[in-house]
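**Q** Structure in structure tokens, see below.
Just so it is clear, none of the values below were taken in a lab; they were calculated from the coordinates. Quick caveat, the model's predicted, so the values are computed rather than measured. Counting neighbours? That spans all protein chains shown, and the Cβs are built from the backbone with ideal geometry, glycine included.
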Amino acid sequence: MGDPVSRVAVVGADESVVDRVRRAVRSAGGRTDDPATAEAVLAVGDEAVRDAIVGSSPGGADAPILPVRERGDAVGSASLREAVHEVIRGNALRVEQPVLSVGSDGTAHRAAFDVGFVTDEPARISEYAVDLGDRREADFRADGVVVATPLGSDHYANAAGGPLLTAGSGIAVVPIAPFTTRSNAWVVPEGVTVSVRRDAEPVSLLVDGDRRGIVTPGRPVRVEVVDRVRTLRIPDRSPPDPSTDRKGSNNS
């Protein structure tokens, strides 16, 4: 938990939702402000969440960010008003989320959600080697591989069979459509090194869904956590399920 806040920035492209958030801030006794001087930032939609996290100052010096989007443990439209009130009262939990970095053509790119290695042509398999650290290496043939943060683990990585992660649990490494009857996904603490060993088609590097270049076969590409950004999470105040209460069971 943190201290109550009064100055809140609301960012995002969906004006209808942004307007709802601003009205909720005012009804809770707060006021909207610029992100540079706000005590909390409410980011509406995936693009706004990505931009707020990737654009944060190194070391998490900026105001904490509340993701507002319809997925994962972010705040959705149904609980929007209550969530804003919790932020204003200082009841939101402070949670650190990792930021990934990957290099391409001499440029370092930051990712809030995921970094993907994907063949340009659908259903064309390449061979990958992934150094997972601690003397572990995975080799597989697949359409691609995605490295996801907890915030991004509910998107492409989860669709490919990866786990849903909570903040602090690491980053997920998930093959995309592997050419095998048995597929694995891995969770590592800080980073991995990915190499394309053989490619029938060019393999693109995707950073939060945006194409950032072509991966050179045989040249290792490092994907690692380079920063951690403070975000906000609304505590679950749902009443306990009576069916899980032993006192209400026939076995008590």
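**Q** How large is log10 I(q)/I(0) at q = 0.11, 0.13, 0.17 Å⁻¹ when the Debye formula is applied to the Cα atoms of region 1-128, each weighted equally and without solvent?
**A** After summing over all Cα pairs, the log10 values are -0.44, -0.58, -0.87.
**Q** Here's something else I'd like to know. Take ASP3, project a point 7 Å from its Cα along the Cβ direction, then tell me which residues of region 21-46 have their backbone nitrogen under 15 Å from it.
**A** Zone members listed by number: 38-40.
**Q** A further question follows. Mean projection of the alpha-carbon convex hull of region 100-227 over all orientations, in nm²?
**A** Its Cα hull, projected and averaged over all orientations, spans 7.0 nm².
**Q** Compute the distance in nm between two label points, each set 7 Å from the Cα along the Cα-to-Cβ direction, one at GLU96 and one at SER57.
**A** 1.7 nm
**Q** For ALA177 and ARG71, what is the calculated FRET efficiency with R₀ set at 25 Å and r taken between the beta-carbons, to the nearest 0.05?
**A** E between ALA177 and ARG71, to the nearest 0.05, is 0.70.
**Q** Sorting THR32, THR149 on the 10 Å Cβ count, fewest up front, what's the list?
**A** Details: THR32 16, THR149 24.
Arranged by neighbour count, lowest to highest, THR32, THR149 become THR32, THR149.
**Q** Which of ARG50, ARG228, ARG136, ARG182 comes first, and how do the rest follow, when ranked by fewest Cβ neighbours within 10 Å?
**A** ARG182, ARG136, ARG228, ARG50
**Q** Tell me the GluC sites (Glu not before Pro) within region 1-92 that lie in a loop according to DSSP and have at most 16 other beta-carbon atoms within 10 Å. Please list the in-between numbers first.
**A** Details: sites: GLU15, GLU39, GLU47, GLU70, GLU82, GLU86; in loops: GLU39, GLU70.
Taking region 1-92 and a limit of 16 other Cβ atoms within 10 Å, the loop GluC sites (Glu not before Pro) found are GLU70.
**Q** Continuing with the same structure: Any idea which of VAL11, VAL49, LEU232 is furthest toward the positive side of the dipole for the chain, if Lys and Arg beta-carbons carry +1 and Asp and Glu beta-carbons -1?
**A** Value computed over the given set: LEU232.
**Q** For region 1-120, give me the percentage of DSSP beta bridges that are antiparallel, rounded to the nearest 5 percent.
**A** Rounded to the nearest five, the antiparallel share is 30 percent.
**Q** Summing -39500 (n - 2.57) over the DSSP H runs of n ≥ 4 in the chain and dividing by its residue number, what mean residue ellipticity at 222 nm do you reach, to the nearest 500 deg cm²/dmol?
**A** Details: 4 runs with 36 residues, N = 252.
Helix contribution divided over all residues of the chain: -4000 deg cm²/dmol.
**Q** Apply 1/(1 + (r/R0)^6) to the Cβ-Cβ distance of THR216 and ASP34, taking R0 = 35 Å, and write down the FRET efficiency to the nearest 0.05. Walk me through the numbers before you get to the answer.
**A** Values: r = 42 Å, r/R0 = 1.21.
The computed FRET efficiency comes out at 0.25.
**Q** Let me ask another. Given R₀ = 25 Å, FRET efficiency for ARG23-ASP236 by Cβ-Cβ distance, to 0.05?
**A** Efficiency computed from Cβ-Cβ geometry: 0.55.
**Q** What is the list of residues in region 165-197 whose amide nitrogen lies under 14 Å from a point 7 angstrom out from the Cα of ALA159, following Cα to Cβ?
**A** 176-177
**Q** On to the next question. Which residues in region 123-167 place their backbone N less than 11 Å from a point set 7 Å from the Cα of VAL187 along the Cα-to-Cβ direction?
**A** Correct set: 150, 163-167.
**Q** Out of region 124-179, which chymotrypsin sites (Phe, Trp or Tyr not before Pro) are coil in DSSP terms and have no more than 13 other C-beta atoms within 10 Å?
**A** PHE179
**Q** If each residue's Cβ is checked for other Cβ atoms within 10 Å, how do LEU93, LEU206, LEU232 rank with the fewest at the top?
**A** Values: LEU93 14, LEU206 21, LEU232 24.
Listed from fewest to most nearby Cβ atoms, that is LEU93, LEU206, LEU232.
**Q** Quick check: convex hull of the Cα atoms in the chain, volume per residue, rounded to a whole Å³?
**A** Working: hull volume 42.6 nm³, N = 252.
Residue-normalised Cα hull volume stands at 169 Å³.
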